[in-house]
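Okay, so here's the structure we're looking at.
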Amino acid sequence: MNNASKRYEKKYNIVTFGCQMNKADSERMAGVLEHMGFKAADDPNVADLVLYNTCTIRDNAEQKVYSYLGKQAKRKHQQPDLTLVVAGCVAQQEGEKLLRRVPELDLVMGPQHANRLEDLLQQVFDGNQVVATDPIQIFEDITKPRRDSDVTAWVNIIYGCNERCSYCVVPNVRGVEQSRTPQAIKAEIEDLSRQGYKEITLLGQNIDAYGRDLPGSTPEGRHQHTLTDLLYYIHDISGIERLRFSTSHPRYFTERLIKACQELPNVCEHFHIPFQSGDNDILQAMKRGYTQEKYRRIIKTIREYMPDAAITADAIVGFPGETEAQFQNTLKLVEDLEFDLVNTAAYSPRPGTPAALWDNQLSEEEKSDRLQRLNRLVSVTAEARSQRYLGREVEVLVEAQNTKVPTQLLGRTRTNRLTFFPGKIEQLKGKTVKVKIQEIRAFSITGELIESR
Ligand code: SAH
Ligand code: SF4
Ligand code: F3S
């Protein structure tokens, strides 16, 4: 091969630290970079451009990026044309301060600026050090994301969050709610269907708030464009077999939405509804706007309509002032409600949030002790929930080969249980197959293929 004739191609590497929204932003930024002629590199140490898409939901997420950055900053002294970018929520939170901490950085950009990456890099290549963290109206995507999967895709429907939960940085770093129009969302899903995608997950930090900022809302808070209306509007796009959405807020979750999910065959029986705490006084201090009784009613209603639905949630332990008895209320809620999965976290004080300033903080030992106790209970209930799959035939959408056991494929049930079974990816990728379940673990199940169509 004649190497001299091969055009030198610049390589990029993106490291993603955050939530699904953060991942979706990374896919869009990768799309921009490829549109600019960059090629993906698996190893950041050989890339000409390294982009860290950061998360600051808890302190340990934030600290991760500093340790990664140190290494690349050193490399830049040997390779001055290396471009270093910090994007995402830490970038938004820290802004200019990041440049002082790591002067080797070329670009610091908040999540609202993800679609502007090309323009911002142009300024960098013109010799500037750039900080882009001012609040802006998010423009519709002009480039195509480079998606990690070619079977399932994320589609943002609302950016930002207008809630003010007293522990949470998201409203500070993601800005106010901005809903995309139903037409733009439908057009994106139609395009995904043409590319062969089978499953769509609609994304929003508070997805039930979808549409309330679009024209057509009334002062009383009623609006024409709710999540429920959107589900009806996009339901019948041919080729799309499954629709999901996340994250739901108990304060806004409606029975009308539950009915729609039952009625619309492509909407999957899985709901992710964080409760955060099982204690009403803590919920109030968190400014969540619902009680544990209301949360229980929502779950009960879902189970009335869809007895087999999977329910997952998030919870925080060790919120400022949480007593042992209040923590017990969280344990009780988890014991009673039979969750399929609960993502748990010890409370972490975040800059710019009210709860971080309170003087009733718990010790790290107490928080981690409660976290361990809750985690033990969660794995017991998750495993008990998994039991219902034993011997059952489930529908699985085949996503990929299992990298750890290459003879196995992996996919998900409609209820979002990770499922493994033997098979060949060339034959089954993107297909919906029937799998008979023979083995149960807390968070995944294994079986054998009995039918593919
Ligand atoms: N919008 C979603 C969740 C966003 S953040 C909602 O309203 O539920 C994802 C999860 O991180 C939260 O559900 C919460 O459980 C956790 N989290 C957020 N801030 C936190 C903090 N300061 N300390 C610990 N966990 C936190
Ligand atoms: Fe944070 Fe509350 Fe908004 Fe969720 S709803 S992103 S927890 S402020
Ligand atoms: Fe983290 Fe930002 Fe998501 S703080 S959880 S990446 S919205």
field: Label point distance in nm, residue 297-residue 407, each placed 7 Å from Cα along Cα→Cβ
entry: 5.4
- request: Mind checking the full-extension length gain between residue 238 and residue 427? Use 0.36 nm per residue of separation minus the Cα-Cα distance, one decimal, nm.
  value: 65.9 nm
message: Give me a comma-separated list of calculated 3J(HN,Hα) values for segment 270-285, in order, Karplus coefficients 6.51, -1.76, 1.60 applied at θ = phi - 60°, integers in Hz, x for any Gly or Pro.
response: 9, 10, 10, 10, x, 9, 6, 8, x, 10, 5, 5, 5, 4, 5, 5
Those Cys residues of the chain for which no other cysteine Cβ falls under 4.7 Å: 19, 55, 89, 161, 261, 268
query: Residue by residue through segment 168-174, which ³J(HN,Hα) values in whole Hz follow from phi under the Karplus form 6.51 cos²θ - 1.76 cosθ + 1.60 (θ = phi - 60°), with glycine and proline marked x?
result: 10, 7, 3, x, 5, 9, 10
query: Each residue of segment 201-215 in turn: what ³J(HN,Hα) in whole Hz from Karplus with 6.51, -1.76, 1.60 and θ = phi - 60°, glycine and Pro shown as x?
result: 10, 7, 10, x, 5, 9, 5, 5, 7, 3, x, 6, 9, 7, x
- prompt: Ranked from highest to lowest mean number of other Cβ atoms within 10 Å per residue, what is the order of the peptides 240-251, 282-293?
  reply: 240-251, 282-293
query: Hey, what number do you get for the chain at 222 nm if only DSSP H runs of n ≥ 4 count, each worth -39500 (n - 2.57), divided across all residues, to the nearest 500?
result: -10500 deg cm²/dmol
- request: Please list, in chain and number order, the residues 5+ apart from residue 202 or on another chain whose amide H is under 5 Å from its amide H, with Hs placed from the backbone.
  value: 155, 244, 245, 246
- request: Would you mind working out the magnitude of the charge dipole of the chain relative to its Cα centre, with +1 at each Lys and Arg C-beta and -1 at each Asp and Glu C-beta, to the nearest 20 Debye?
  value: 700
message: 5 Å is the cut-off here: which amide hydrogens, built 1.01 Å from N in the peptide plane, fall below it relative to residue 162, excluding neighbours closer than 5 in sequence?
response: 177
query: Full extension from residue 40 to residue 383: what is 0.36 nm times the residue separation minus their Cα-Cα distance, to one decimal in nm?
result: 119.6 nm
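Determine the shape class of segment 118-226: with a ≥ b ≥ c the square roots of the Cα gyration tensor eigenvalues, call it rounded for a/c under 1.5, and otherwise prolate if a/b is greater than b/c, oblate otherwise.
oblate
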message: A 19 angstrom limit on the alpha carbon distance is what I want to check against. Which of 259/431; 39/144; 39/64; 300/434 exceed it?
response: 259/431; 39/64; 300/434
message: Loop only by DSSP, 14 or fewer other Cβ within 10 Å of the Cβ. Give me the chymotrypsin sites (Phe, Trp or Tyr not before Pro) in segment 80-166 that pass, ordered by residue number.
response: 139
- line: Where a ≥ b ≥ c are root eigenvalues of the Cα gyration tensor, a/c under 1.5 meaning rounded, otherwise prolate if a/b exceeds b/c and oblate otherwise, segment 31-144 counts as rounded
query: residue 278's amide H: which non-local residues (gap 5+, or another chain) put their own amide H closer than 5 Å, with H modeled 1.01 Å from N in plane and none for Pro or chain starts?
result: 330
message: Given points 7 Å out from each Cα along the Cα-Cβ axis, report the residue 254 to residue 187 separation in nanometres with one decimal.
response: 2.7
- prompt: Taking square-rooted eigenvalues a ≥ b ≥ c of the alpha carbon gyration tensor, is segment 348-453 rounded, prolate or oblate, where a/c under 1.5 means rounded and, failing that, a/b exceeding b/c means prolate?
  reply: prolate
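Read-outs: derived from the displayed coordinates by stated rules, not from any lab. Because the structure is predicted, anything quoted here is derived from the model rather than measured. Quick reminder, even Gly has a Cβ in these numbers, built from the backbone with ideal geometry, and neighbours come from all protein chains shown.
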